[in-house]
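The values are calculated or read from the model by the stated rules, or taken from the named source; none is laboratory data. Bear in mind the structure is a predicted one, so any value in this text is a computation, not a measurement. Cβ coordinates were reconstructed from backbone atoms using ideal geometry, including for glycine residues, and neighbour counts include every protein chain displayed. Quick note on the areas: whole protein, heavy atoms, side chains included, nothing else; ligands and nucleic acids left out. Shrake-Rupley method; radii C 1.70, N 1.55, O 1.52, S 1.80 Å.
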Amino acid sequence: MLYQKFIKQTHTKKQKTYRLFALIMFTGLLFYQHFAYGQQYVIVDSENGDRLTGTWRSGTDTHFEIEYQGQVLRLPLTGHTLSFTSDLANVPDRTAAKYYRNGIMLLELKKPEGAMNRFEAAIEEFPRYPAAHYQLGLLHKANGDNANALERFRSVAILDAANFDLVPHLQELGNAALADEAYAEAVDSYQLILRYYPEHESIPELSYITGFLLVEELEDYDTGLPLLESAIQQNPDTSFHEKAYFLIGKLRAQTDRLEDALHTLQGFVMRYPESEWAYEAGLTRAKVNLKLGRTAAAGNEASRIYEMTVDEAIKERAKQILDQTRWKVYTVADGLPDNHIQAIASDGTRLWVGTPNGVMLFETTFNNWIQRSDVPQQINSSTAKVPDVQAIAVNSEEVWVGTRSQGAIHYNKLTGEIQMYPPSAPIDFPAWVKDIKMDDSETWFATDEGVVRKTVDALFVYNTQQSFIPEDDIETLLLMPTTVWGASAKGDIVVTFDRKTEEWGSHRFTEIQEGTTIVDFDTAEDQILFTWYNATEKENGYFRADLDGLNGKSTTLHTGVEDEKNLKNIYIRGILDNSPIVPAVNETPPVETPDSLTPEASPETEALELEEEVPPPPPPTPLVLWIATNETFYTHHTRSSDDWEYTTTPQIVSGKLTIHAFSVVNNRAWIATNNGLAVMNLQ
């Protein structure tokens with residue numbers, strides 16, 4: 001249990017005791033209040049019903065003095081009842097005071113229920129009656145009603161904290177709540193002490209304890225962090241300083257005060273090099289450096305921790321940070337039109353990038369990043385407004401750009417000409433182009449209003465109104481020599497087009513569940529690949545099969561995914577696996593023995609040889625698969641079901657990373673995200 005020192009103070013059984021808060025009758029207590037809290041107002045009620053309100057001057061065992069209307073009056077204690085306040089607005093009227101006195105008398109007669117009724121009547125008559133609130137707080141506390149006790153003590157603190165020593169009661173209520181793991185209630189009690197009794201001797205430790213509860217249990221960083229920052233400045237010589245120092249650095253990192261976090265955590269490690277949080281502080285510094293783009297510093301910190309620790313969990317976290325240093329993220333600071341990347345396409349060593357603010361081209365040879373702006377400027381200025389680029393397709397002769405609302409744009413590399421395919425007559429091209437695929441003879445466009453096919457001489461628009469395509473809104477396409485595959489936005493239909501007969505059809509992969517939506521197509525060698533998600537089952541994965549869709553196998557990657565973006569954003573690429581086959585450690589070739597030699601032929605064996613066994617189908621061609629999700633980047637060698645490697649996707653300074661496109665080219669993985677373009681060398 002956290003904070004054992006404080007929990008031990010919690011009483012183990014509640015005693016039914018009723019303290020009498022009789023109006024102050026002893027000179028010693030009067031002196032305590034006078035000197036402890038400074039000048040106080042005193043209300044003097046006489047037995048005959050008269051009342052005086054003045055300023056307290058002094059007192060003895062038999063008399064007291066008050067200043068009243070400019071005169072000093074000396075009166076006997078006998079026959080007078082005194083009460084104190086620091087605010088004249090809290091002076092009750094006579095009716096409320098009568099209820100209060102009756103309540104005190106009933107307490108003396110050991111009738112707490114009746115006393116509670118009188119105190120409540122006093123408050124109903126005069127709500128700003130701190131003494132009545134205090135007595136009710138004591139009664140509720142004695143009855144074990146800590147919630148109501150806290151509310152009454154809160155009223156006392158707000159009205160007149162100076163005249164009531166609430167600290168013991170609030171500490172007791174807070175400790176009881178802490179023992180019950182009611183952290184919000186404990187913090188509520190402790191914060192009243194911190195606010196209204198800032199000079200109390202318990203403040204140094206209590207400020208730390210309250211800060212820890214706010215940060216660790218309630219995750220209220222806005223309140224907890226400033227409290228801990230104040231605690232280590234005002235009270236640095238406590239046993240809580242080490243932990244608070246570390247938490248401040250960690251919280252500054254979490255709240256994106258990155259430079260402050262680095263400075264704080266460095267100071268922490270220097271002061272407490274043997275701390276139990278030293279490795280955690282180093283890992284946090286490494287993560288902060290990643291967010292700041294300082295990959296070398298992040299790698300050095302993570303490597304140091306990896307080599308020093310023997311804790312496998314810490315080693316794994318350090319390795320994940322080292323994996324992160326493999327990523328480079330390009331943003332608008334590097335020439336991108338927008339950090340929201342929606343499409344990418346490789347063009348040899350060049351990379352085309354599509355954003356909501358137009359298209360851009362970069363040279364990436366030898367890990368360089370050189371902006372080529374002439375052609376992109378032509379394309380971006382060819383439309384009435386800068387195109388919102390959704391798809392790009394490139395070959396050695398042409399570039400196609402698909403937009404959200406302006407149709408398609410064609411750039412001829414050989415002539416430098418640009419041709420528009422707008423959503424208007426006479427072409428009547430769909431406005432929203434979601435995907436583009438092309439080969440040597442044709443270019444295909446997936447749109448929200450059907451599929452467009454462009455040959456050398458003609459343009460065909462296929463939709464449900466004028467053709468037999470089973471769905472209009474198509475998300476992505478896969479172009480193969482004899483077939484075109486298309487995934488609908490709804491996910492329940494996979495459209496197919498026979499390029500020989502020019503007939504449309506639909507297909508359902510029986511190997512995956514109903515309600516599964518295809519996200520992304522690819523082909524590798526003799527296999528078709530696609531990623532999928534199932535919103536009902538909250539799972540996603542990938543599928544691979546022969547090029548005709550047969551002999552398919554579906555693999556689930558994630559289950560129980562609640563975040564819709566993490567569920568849907570999953571992309572795949574694959575190539576032939578040319579890596580050498582490593583034999584098993586204990587694998588040895590079989591040894592021939594006499595028993596294993598072929599026996600001499602006999603009529604029986606000759607008959608058996610006539611019944612030829614059907615050979616099993618050959619295993620699929622081994623592939624290397626790369627799968628990108630919002631949180632993890634996977635590498636899988638299909639030769640072995642256990643051969644998986646993964647790294648986390650790139651860290652970003654703020655927000656949540658979402659992947660929109662994925663490409664593997666020239667031994668590099670390019671990931672288009674909502675916070676920039678990430679690249680990692682795959683070697």
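With every protein chain in place and a 1.4 angstrom probe, the accessible-area ranking of 197, 41, largest first, reads 41, 197.
Within the accessible surface of the chain, defined with a 1.4 Å probe on protein heavy atoms only, the carbon and sulfur portion equals 49 percent.
Placing unit charges on each Cβ (+1 for Lys and Arg, -1 for Asp and Glu) gives the chain a dipole about its Cα centre, and among 290, 409, 683 the Cα reaching farthest toward its positive end belongs to 290. The residue among 318, 134, 343 whose Cα reaches farthest toward the positive pole of the charge dipole of the chain, with charges on the beta-carbon of Lys, Arg, Asp and Glu, is 134. Of all lysines in the structure, those lying under 29 Å Cα to Cα from residue 291, and not within fewer than 8 positions of it along the same chain, are 243, 250, 315, 319, 328, 565, 568, 656.
With a simple spin-label model that places each label point 7 Å from the Cα along the Cα-to-Cβ direction, the separation between residue 182 and residue 565 comes to 3.9 nm. Sequence-ordered 3J(HN,Hα) estimates for the stretch 561-569 from the Karplus curve with 6.51, -1.76 and 1.60 and θ = phi - 60° stand at 7, 8, 6, 4, 5, 5, 6, 7, 8 Hz, glycine and proline given as x. For the stretch 173-199 versus the stretch 253-328, the spacing of their alpha-carbon centroids is 34 Å.
Restriction of the GluC sites (Glu not before Pro) in the stretch 203-312 to DSSP coil positions whose beta-carbon has at most 12 other beta-carbons within 10 angstrom yields 219, 274, 276.
Counting Lys and Arg as +1 and Asp and Glu as -1, each charge on the Cβ, what is the dipole of the stretch 307-372 about the Cα centre in debye, to the nearest 20? Walk me through the numbers before you get to the answer.
On the way: 7 positive and 9 negative charges, 33 e Å.
It comes to approximately 160 debye.
Charged side chains reduced to their Cβ positions (Lys and Arg at +1, Asp and Glu at -1) give the stretch 211-260 a dipole of some 120 debye around its Cα centre. Loop-located GluC sites (Glu not before Pro) in the stretch 460-558 (DSSP state not H, G, I, E or B) with no more than 16 neighbouring Cβ atoms inside 10 Å: 502, 511, 514, 525, 537.
Farthest towards the positive end of the charge dipole of the chain, among the residues 104, 192, 621, is the Cα of 104, using unit charges on the Cβ of Lys, Arg, Asp and Glu. As I understand it, the value is the acute angle between the Cα axis of helix 241-254 and the longest principal axis of the Cα atoms of the chain; what does it come to in degrees, rounded to 10? On a 0 to 90 degree scale, this one is about 50. For the stretch 381-392, putting each phi into the Karplus relation 6.51 cos²θ - 1.76 cosθ + 1.60 with θ = phi - 60° gives couplings of 8, 7, 10, 4, 10, 4, x, 8, 7, 10, 8, 9 Hz, in residue order, rounded to whole numbers and with x for Gly and Pro. When only Cα pairs below 8 angstrom with a gap of at least 6 residues are kept, the chain shows a relative contact order of 6 percent.
Scanning residues 5 or more positions from residue 358 or on other chains, those with amide H under 5 Å from its amide H are 389, with H placed 1.01 Å from N in the peptide plane.
As a check on your grasp of the helix formula, calculate [θ] at 222 nm for the chain: sum -39500 (n - 2.57) over DSSP H runs of n ≥ 4, divide by the residue count, round to the nearest 500. If you can, show how the numbers build up before the last one.
Working: 18 runs with 212 residues, N = 683.
It comes out at -9500 deg cm²/dmol, rounded to the nearest 500.
Amide H to amide H distances under 5 Å link residue 623 with 577, 638, 639, where only residues 5 or more positions off or on other chains count and H is placed in the peptide plane.
Go through 442-449, 334-341 and give me the packing order, highest mean Cβ count within 10 Å leading. The partial results should precede the final answer.
Values: 442-449: 22.0, 334-341: 19.5.
So the peptides 442-449, 334-341, ranked by packing, come out 442-449, 334-341.
The charge dipole of the chain, taken about the Cα centre with unit charges on the Cβ atoms of Lys, Arg (+1) and Asp, Glu (-1), comes to about 4080 debye, rounded to the nearest 20. Candidate values (1) 52.5; (2) 32.1; (3) 41.9 were compared with mean projected area of the Cα convex hull in nm² computed on the shown model; the agreeing label is (1). Annotation for the stretch 316-425: trypsin sites (Lys or Arg not before Pro) lying in DSSP loop with at most 15 further Cβ atoms inside 10 Å of their Cβ are 385, 413. Taking all protein chains into account, the per residue accessible area for the chain stands at 51 Å² (1.4 Å probe). Spatial offset of the stretch 378-420 relative to the stretch 481-552 amounts to 28 Å, using the alpha carbon center of each. Rounded to whole numbers, the Karplus 3J(HN,Hα) couplings from phi for the stretch 477-485 are 10, 9, 9, 10, x, 10, 9, 10, 9 Hz, using 6.51 cos²θ - 1.76 cosθ + 1.60 with θ = phi - 60°, and x at Gly and Pro.
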